[in-house]
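The values are calculated or read from the model by the stated rules, or taken from the named source; none is laboratory data. All values derive from a computational prediction rather than experimental measurement. Neighbour counts run over all protein chains shown; Cβ positions are idealised from the backbone, glycine included.
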Amino acid sequence: MAEEVDPKKLEIADELIAERRAERPGETPDGMTPWQKPITAAIDIANDWAGKLLCLLMVPLIGVVVFEVIARNSFAIMSGYGWDQLARNIGLGPTVFAYDISRMIAGVLFMGAAGYGLMRGVHIRADFIYRNWSDKTQATVDALAYMAFFIPSMIFFTIITSQYWLVAYNSGETAFDSTWGPVLWPARLAMPVGGLLLLLQGFPELFRAFHKMGKEREAIFVKLLVPYFIIVGAIVISVFYPNSLPLSDWFSGLIAEGPGLSKPTIGLIMLGAMLFVIFIGFPISFTLIFLAFVFGIWGSNFKLTTLLMTLNTNSTMLNDQLMAVPLFILMGIVMEAAGLMERLFASIQMIMSRIRGSLYIAVLIVSTIFAAATGIVGASVTLLGIMAGATMSRSGYNVQLAAGTITAGGTLGILIPPSIMLIVMGPVLDVSTLDLFRGAFIPGAILAILYLVYTLGRCWINPALGPILAEEDQPETSKNYGLEVILICMGVLAICRVFGLSLSGALSLFPFSGLLVLIAVLMIAHGAYRSLKVLRLAVPIAVAVQAAWAATQLMNSNGLGFGVLYHTMWLLFMGFTAYKSFALYRPDTAENFHFSELWDEFFAGLMPPTILISFALGSILFGFATPAEAAAMGAFGAILLSISYGKFKISGFFDSLIKALEITVLIMFLVAASNFFGAEFSSLGTPKMMTEALLQLDLSPYMILILIMVLIFLLGWPLEWVPIVLIVIPVLLPTVMALDLPGFESQYDKMVWFGIMVAVNLQTAWLSPPVALSAYFLKGVVPNWDLKDIYLGMMQFMVVQLIGLILLFMFPQLVLWLPKAMGG
């Protein structure tokens, strides 16, 4: 049953993981060849310790960025009061070191732990063909791929990056794009060291493949090892030390002459080889590195290829936008590990319990909030299934509609900021991540509203689809629940209003602003002592202050407009609140009045995570912080929430760091590999040739764009978003840029719109049976739901999703309005 599934035992990133290793580091399979066991165990343990040590770097990474944000903003506030000298004396103000230290730590984090990622089996592979083979066939293909692709490419990578590091060390090279200008060799050391650890980890993986294929096949491969390493060694020596071996001239001539193909044709062969190797199931990152190296040397020259390899790896390590990836991932994992999402769901379920279809509402609200905490679809679908599946079944909810709501809500993590996919997509499209976040906000809200309208509309037409919860599932409330809601709304809106006035600077103009402190004290006193006397004193003061503010604004208004309507509505609401609050002074009401227990859950379970995510997202959208700064503050806030809820444990936090490191390695190493592949592919001129061929077709620009979107949608079935964004999109990008689409003021606007269209398109692919993994995640935690019903539920929301996609296609301003409005 679904209730028996323990969320703490689930990996929240399973949809990104190729083959997560079940064995503990150092353990070897029974029956492995004796001489291979100590080698496998020693290398496993070495990489395990490397990962455990490197994951701890996330703590100083958070600390450095949080200190920068606090110091900079505190200095700005104190300077506003003329205390800038005092701020400097106590060490506040923008730092010169935070930018460089934070991006170097982030780079070392993923590069140094690449071997750990391979040891844990987290490097992604497209295994939809691979998993259908027998164990022996899988092992044979793996062994061939490791020997043909992985080991040679990692040898070259390690040697080339060692030379790159040595140049930086000997020359004392410093960063040219920062004020501080630190030396770069300590960070660059992670490239050869990480490459070496990754190379070494290839041997345990090769030996495990030998073990799986059986003794007969293993014996053949073992006999081939000696001549194999002689050949690989000869090739390496010939490349790095020309004329040192008799075959050096022959090998150099072979590379230089080739079969006489044009560079674009070589690029097409390179693309076909990449698709073939990926589809047979070898990890994508290593495939890209090897093919880019081989075809780069063939199509151009060795010097250019090695330069592109080192520059693209180094630029990925020092990319300050990508620094947000590990921090946002950690924020989501810490929130999930602390049970914040389960408590959030419980609080919304309690508040909405008397509404028909309340569980649909709760699922969609929680999925929207959780999407803003982590962009991992499997996490959302799995947790929502655990939290809501059993309750929905017990309450008589329609299985198809329930399954569709959970899977559709889970896919919002792809789109809603701060989406990990949008962070990665920004550099690919050469647009600001901030603009992608702003562009995704309205489409994400539209899709969430469409889901909500569809579910509630179905419940309104057929109430049996979402019945009101049974009495035992409803929270106990007082007879004055309506009055409670009004007072709570008044308090929450007042707090939001004061916060908004503080940001705008208008609060200081308010003649009654001193009373706000008194109101806050009274509200806190009531919360602490549940005193009706305090409440009777606080409510009229709060109503009077806010009514006076609205009245003064109305008197100072000129003509009719939104401001007049806004303040009029506020004044009417205060009047209605005052009218209803008279009940507090009637003996019959006062005798039984108390705030229901559900409000404790509302403020303890709903408000803190919602406020945390809203501040993290709002600080990005309004330009108060960069994505990396907001991610660090969000991760820090998630840790504080975990502590305040009594859920924080050192061991649990360490596990969260390890999980965040694994996903970071997966994404960032693939970013570096795909950047290298893309650079080589572009240098061969193949994208230009493909673009010219597409534009010569007798099709309108919109038809070509539709064909591109269909291709991305189809690729979204077997592939994750990571290879699509990092490999497929760069290939298609020149064609999209060449399309003459009306309605866009600049190429930049078109790229922002295209990025959001891709995100919504991939989100739609996640709802497409029978290959969408969301169905299998949900089936795994709600086994009593039939897979056919899950498919039918997903298809309903796929239609809703397509409606949203068509709206964005027809009205690009739904994407572009907010970036323009907020970007000035």
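Laid out as a table, the results:
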{"quantity": "Residue in the range 72-89 that is among the aromatic types (Phe, Trp, Tyr), at pLDDT 80 or above and part of a helix (DSSP H, G or I) present", "calculated": "yes"}
{"quantity": "Filter result for Pro417 (buried (at least 24 other Cβ atoms within 10 Å of the Cβ), in contact with a Gly (Cβ under 8 Å, 6 or more places away or on another chain) and modelled with pLDDT under 85)", "calculated": "yes"}
{"quantity": "Residue that is more than 17 Å from the chain's Cα centre (by Cα) and assigned by TED's automatic domain parsing to the domain that holds Asp430, where the choices are Val725, Val752, Val758", "calculated": "Val752"}
{"quantity": "Sole residue being in contact with an Asp or Glu (Cβ under 9 Å, 6 or more places away or on another chain), of a type in the set (S, T, N, Q), in a helix (DSSP H, G or I) and crowded, with 24+ Cβ neighbours inside 10 Å, chosen from Thr411, Thr407, Thr382", "calculated": "Thr382"}
{"quantity": "Failed item in (1) in a helix (DSSP H, G or I); (2) over 19 Å from Lys212 (Cα atoms); (3) modelled with pLDDT under 90, with Ile124 passing the rest", "calculated": "(1)"}
{"quantity": "Any pair with Cβ under 8 angstrom, 6 or more apart, that starts in the range 672-700 at a residue that is more than 30 Å from Gly195 (Cβ to Cβ) and outside the structural domain of Val728 (by TED's automatic domain parsing) and ends at one that is surrounded by fewer than 19 Cβ atoms within 10 Å (Cβ to Cβ) and at pLDDT 85 or above", "calculated": "none"}
{"quantity": "Residue within the range 293-304 that is in contact with an Asp or Glu (Cβ under 9 Å, 6 or more places away or on another chain), at pLDDT below 80 and over 30 Å from Trp165 (Cα atoms) present", "calculated": "no"}
{"quantity": "Some residue of the range 185-208 being of a type outside the set (Ser, Thr, Tyr) and without any contact (Cβ under 8 Å) to a residue 24 or more places away in the chain", "calculated": "yes"}
{"quantity": "Pair list, Cβ < 7 Å and 6+ apart or interchain, from the range 40-54 residues that are under 17 Å from Val193 (Cβ atoms) to residues that are in a helix (DSSP H, G or I) and of a type in the set (Phe, Trp, Tyr)", "calculated": "Ile43/Phe203; Asn47/Tyr116; Asp48/Tyr116; Ala50/Tyr116; Gly51/Tyr116"}
